[in-house]
1. Would you confirm whether any residue within the stretch A:691-704 is assigned to a strand (DSSP E or B) and either touching a helix residue (DSSP H, G or I) at 6+ places or on another chain (Cβ under 8 Å) or crowded, with 20+ Cβ neighbours inside 10 Å (or both)?
2. Among the residues in the stretch A:231-245, are any within 29 Å of the chain's Cα centre (by Cα), modelled with pLDDT under 95 and within 25 Å of A:Val201 (Cβ to Cβ)?
3. Search the stretch A:639-656 for residues that are without any contact (Cβ under 8 Å) to a residue 12 or more places away in the chain and pair each with any residue that is of a type in the set (A, V, I, L, M, F, W, C) and not in a loop (DSSP other than H, G, I, E, B) when their beta-carbon atoms are under 7 Å apart and the residues are at least 6 apart or on different chains.
4. Which of the helices (runs of 4 or more DSSP H) contained wholly in the stretch A:170-272 include at least 3 residues that are surrounded by 24 or more Cβ atoms within 10 Å (Cβ to Cβ) and within 14 Å of chain B (Cβ to nearest Cβ)?
5. I want to confirm something. Restricting to the stretch A:474-514 and keeping residues that are out of contact with any strand residue (DSSP E or B) (no Cβ under 8 Å at 6 or more places or on another chain) and within 20 Å of A:Trp567 (Cα to Cα), which single residue is surrounded by the fewest Cβ atoms within 10 Å (Cβ to Cβ)?
6. Tell me, yes or no, whether the stretch A:538-549 has at least one residue that is in contact with a Pro (Cβ under 7 Å, 6 or more places away or on another chain), surrounded by fewer than 24 Cβ atoms within 10 Å (Cβ to Cβ) and within 25 Å of A:Gly393 (Cβ to Cβ).
7. Scan the stretch A:282-317 residue by residue and report those that are more than 24 Å from A:Pro770 (Cα to Cα), surrounded by fewer than 12 Cβ atoms within 10 Å (Cβ to Cβ) and touching a strand residue (DSSP E or B) at 6+ places or on another chain (Cβ under 8 Å).
8. If you scan the stretch B:4-19, which residues turn out to be surrounded by fewer than 16 Cβ atoms within 10 Å (Cβ to Cβ) and either at the interface with another protein chain (Cβ under 10 Å from one of its Cβ atoms) or among the hydrophobic types (A, V, I, L, M, F, W, C) (or both)?
Amino acid sequence: MINDVMSRQEFLKLSAKMAALAALGLGGGVSFLEQVANAADDKSRGLKWHKAPCRFCGVGCGALVGVRDGKVVAVQGDRQAPVNKGLLCVKGYHAGAALYGKDRLTHPLIRKNGQLQRASWEEAIDLIAGKIAKDSKRFAVYGSGQWTITEGYTAMKFLKGGLRHNHIDPNARLCMASAVVGFLTTFGADEPSGCYDDLDVCDTVVCWGNNWAEMHPVLFSRFIDRRQRGDKIKMIDMATRRTRTTEAADHYIEFQPQTDMLIANGICHLLIKREAYDKEFVAKNVRFKTNDEKVITIDDYKAFLEEYTPEKVTQLSGISLEQLNLLAGLFSDPKEKVVSLWCMGMNQHTRGTAINNLVYNVHLLSGKIGKPGSTPFSLTGQPSACGTCREVGTLAHALPGGRLVKNEEDRRETEKNWNLPEGALDPEPGLHTVAMFKAFVTGELTGMWVQVTNPGQSLPDLNANFKKKDQFLVVSDVYPTATTKLADVVLPSAMWVEKNGLFGNSERRTQQWFKMIDPPGEARDDVWQMIAVARRLYEKGFEGMKDKDGNFLLSIRDEGGTEIKAWRWDAFRSNNIDKPLFEDYRKFTAKKHKDLAPYDEYVKHCGLRWPVVQDAFGRWQETTRRYVEGEDPFVKQGEGVSFYMDKGGENRANIWARPYEPPPEVPDNDYPFWLCTGRVLEHWHTATMTRRIKELYNANPWAYVELNPKDARELSISHGDKLRVVSRRGSVILPVSINGRSIPQEGSVFVPFFDEDALINLVTLDAFCPLSKQPDYKKCAVRLEKV
Amino acid sequence: MPISSLIIRTDGRRTQEIAEYLKTLKEATVSEVHNENIILVAETVSRTQDKTLWEGIEKIPGVLQCDLIYHNFEDAEGFKYD
C-alpha cells in the first residue's frame with residue numbers, strides 16, 4: 001500500500017498540497033488512491049479532525065481542528081465551510097497555538113494582602129456570591145462578542161432575571177453598537193440583509209474606512225480571487241490611511257476624518273440632482289425622516305441635500321470632484337452591482353449611527369439593496385458579536401431575540417419563558433459600557449464581573465475609565481491581562497475547543513462545535529462559572545435566583561425532563577449543557593424573525609443563516625438574503641423587496657436626513673495631529689492570545705506610531721526614533737514607523753492598540769455617538785514629542 | 001517538522017518570476033502554478049521559521065496575498081502547556 005512506500009513527511013506534504021489544490025477548485029490533481037491513503041494515515045496516527053468556527057474575528061471561517069492524544073496538533077481550513085472554502089488567515093492558522101501559552105490561568109486566584117493568591121473554586125464562588133448578595137443592584141456584568149451564544153444567554157438570564165436589573169453590556173458596544181442602531185433605525189431590525197455571496201457576484205466593492213485585507217483577510221481573498229479568475233471587478237478604498245487594501249484597490253479616495261458623512265450626503269445630492277436615483281424602488285420601499293424623527297417628503301429631503309454641493313463636499317473632505325463623480329456614477333448606474341463594506345472606521349465614530357444611516361441612504365436611493373451583488377454590509381470584529389451580543393441581546397437595553405427592556409410586552413414574554421413573576425424584570429435600561437465603567441470608578445457600582453474581554457486595555461481614556469479603590473472586580477479569562485492586574489478574583493476559563501460552543505458571524509450564520517480537548521489545570525467554562533455562582537446565591541436564599549415556583553432560575557433539564565446538576569463541575573462536564581441552553585434561548589428567536597433551527601441541525605452543517613425555518617417537507621432552510629422574495633420566507637409572493645420589520649407598519653426603510661457634524665476634538669496649535677487607532681493583521685484586538693504565540697509576536701512584537709513621510713521630514717523624525725504621543729488625557733512612548741505597511745495621511749498618525757506595554761488608550765478620547773453610545777477611537781488630537 | 005501549504009496570490013504580471021524565485025528556497029516546493037496563483041508546500045524546522053518564510057514571501061514585489069491552507073505542527077517545539 002501507499003503507506004509502505006511513502007514516508008510520513010511525504011504524506012503530510014501530500015495532505016498540504018491536496019488542501020491547497022482543493023481550495024483552488026483543482027482537486028483533480030490528487031488521485032483517489034492518494035486521498036484514501038491519506039485518510040488512512042490520519043487514522044493510523046490517531047489524528048481526529050473536528051469542525052469548529054475560528055475563534056478570532058467575525059468572518060466566521062470554518063476550521064478543521066486536528067486532535068491527537070488530547071491535544072490540538074493541526075489546523076486546516078474547512079473546504080466544506082461556505083464562508084472560507086478552505087482558506088484561513090494567519091490568526092486562524094495559529095488558533096490552535098493560542099491554547100498553549102506558557103502562562104495559561106489554571107487555578108482561581110483571590111487577592112489577599114494586595115497579591116493574587118491561589119484559591120479553590122469553592123472559596124472563589126463563595127466570595128463572589130457573598131459580594132453579590134450584599135449589593136446586587138450595584139453589581140454589573142461586562143461581557144463580550146467572544147462569549148458563545150449560550151454563555152451570553154446564561155449571563156443575561158443571571159443578571160436580568162436573577163439580579164433583576166440591566167447593568168450588563170458587552171465589549172461589542174465598543175465595536176459595532178453604531179451598526180446595530182444604524183440597522184434598527186433604518187430597517188427596524190438589526191444585522192445585514194445581504195451575505196458574503198454578494199461578494200462573489202458584485203461588480204464593485206466600496207470600502208468605507210475598512211482595511212479588510214488585514215482585518216478580514218479571508219473575505220478579501222474571496223473577492224480578490226475573482227479578479228484572478230478574470231472577473232472584471234473593481235475595488236474603491238475610501239480611507240484616511242493607505243493600507244494593504246489600498247495596494248489592491250483600483251481607486252484610493254483619501255478623505256479628512258469625519259467627512260465620510262459629507263461624502264455620503266454628497267453622493268445622494270448628485271443622485272437627486274441628476275435624477276439618477278431609482279424612483280420606482282424609492283416610491284415603493286422608502287420613507288424619509290429628519291434627524292428628530294419627523295416623517296418628511298422627498299422634496300423636503302431634496303431641500304436638506306441642497307447644501308451638500310460637490311464644491312462644499314470636495315473642499316471639506318479633501319477628495320477631488322472626479323472622485324466624487326466616480327462614486328456617484330457607480331451608484332447612478334442601474335446595471336452596476338455594488339457592495340459597501342465597513343467596520344470600525346464607521347462604527348467608532350461620534351456620529352456612528354448617522355454615518356451608518358447615510359450609507360444605507362446611498363444604497364436605498366440607488367436601489368442597490370436586496371439584489372444579488374448589491375448590498376450595504378457591515379462587518380464585525382468578534383466571532384459572536386452578532387450571535388451573542390446582537391441576537392441574544394446582552395446589551396443594557398435588550399432582552400433575548402431582539403426584545404427591549406422598555407417594552408412591556410417584551411418583558412412579559414421574557415418573564416413567561418423564564419417562569420418569573422410578572423413585573424420581575426426591570427424596565428429601565430442599564431448602563432452602557434462607558435457609563436458603566438465611569439460608575440464603577442466613582443463607586444456608584446460596587447462590583448463587576450468581566451468575562452472574555454480586556455477592558456483594562458480596550459476602554460478609551462483609560463486614566464479616567466479604568467481604576468478602582470474598594471470596588472469588587474471579578475475577571476474570567478484564559479491569560480493574565482491588563483484587566484486581571486486590577487482584579488480581586490481571577491477565574492481561569494476554558495477557551496474555544498476546550499468547551500462546547502456556538503457562534504453567530506457577520507452574515508447571520510450560526511455555527512456549532514463540540515468540545516475536543518480538556519481545559520488545562522482547573523480552568524472551567526464561563527457558563528459553568530455563572531451557573532455555579534447563581535446556585536450559590538440560590539442556596540443562600542437570594543430571592544432573585546428563584547423562579548416564581550421557588551425553583552432555581554438557571555435550572556437545566558435533559559431531554560427526559562430530569563434536572564442536570566450543572567452547578568457541579570462533574571455533572572456539567574459529563575453533559576452537553578449547550579444543547580438545552582440553546583433550546584431555551586431558541587424559544588425567543590421567532591418573534592422578530594430571527595428564527596433558529598434546533599441544535600442538532602447545527603451539528604450537521606457548517607452553519608446556517610437565520611431566519612432558518614422549515615419548508616413544506618419539514619426541512620430546515622436558511623435564508624441567504626433578508627427582505628427578498630424567494631429568499632426570505634417572510635416576504636410574501638409578489639412583494640419583491642419588503643422591509644417587513646418596519647416599525648411604521650408600511651414595509652418601508654427609512655432614509656434619514658442626517659446632517660454633517662464635526663468631531664468633538666480636532667487638531668489645533670497645541671495638539672496638531674489627528675490620532676487614529678486600530679488593529680493589525682497578526683494580532684487580534686488586545687493580543688492577549690496572539691501575542692503569546694511566538695511567531696505572531698516575532699512578526700509584530702510591539703506597537704508603533706505610523707507617520708506620513710512628509711510630516712516626518714518636516715519634523716526631522718526618522719524611522720525607529722522614539723516619540724511621545726500626547727493628548728489632553730495621557731501619553732505613551734512609541735517607536736516611529738515610516739513607509740512601513742501603512743501610511744497615514746498628512747497631519748495624522750496611526751497607533752495599533754494591541755500592545756499591553758504601550759497603551760494607546762491612555763491617549764484616546766471617550767466621546768461617543770449619542771445614539772449608539774459607541775466611542776470614537778479613530779479621531780482625537782495629539783502632539784508628538786521627541787524622546 | 002511543521003508542514004504547511006500556502007496559496008500565493010500574485011498581481012498576474014510577475015507570477016512566473018515569483019514562482020522561479022520560490023523554487024530556489026530550500027524550505028519550500030512549488031507544487032502548482034495556476035493562473036496567478038502559486039501553491040507552495042513548506043517544510044520548516046520550526047514554527048518560527050515557518051512564519052518567517054511566510055512573512056518573507058508576502059514582501060516579494062507582486063505578491064498580493066498569502067493564504068495558509070493547511071498546517072501540521074504536531075512535532076513543533078513548545079506546543080504544549082509549559
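1. Taking every residue of the stretch A:691-704 in turn, none turns out to be assigned to a strand (DSSP E or B) and either touching a helix residue (DSSP H, G or I) at 6+ places or on another chain (Cβ under 8 Å) or crowded, with 20+ Cβ neighbours inside 10 Å (or both).
2. Yes, the stretch A:231-245 has at least one match.
3. none
4. So the answer is A:212-215, A:217-228.
5. A:Glu498
6. Yes - at least one qualifying residue is present in the stretch A:538-549.
7. Listed by number, the list holds a single entry, A:Thr297.
8. Matches in the stretch B:4-19: B:Gly12 only.
The values are calculated or read from the model by the stated rules, or taken from the named source; none is laboratory data. Small disclaimer: the values here were computed from a predicted structure and weren't measured. Heads up, the Cβs are rebuilt from the backbone with ideal geometry, glycines too, and the neighbour counts pull from every protein chain shown.
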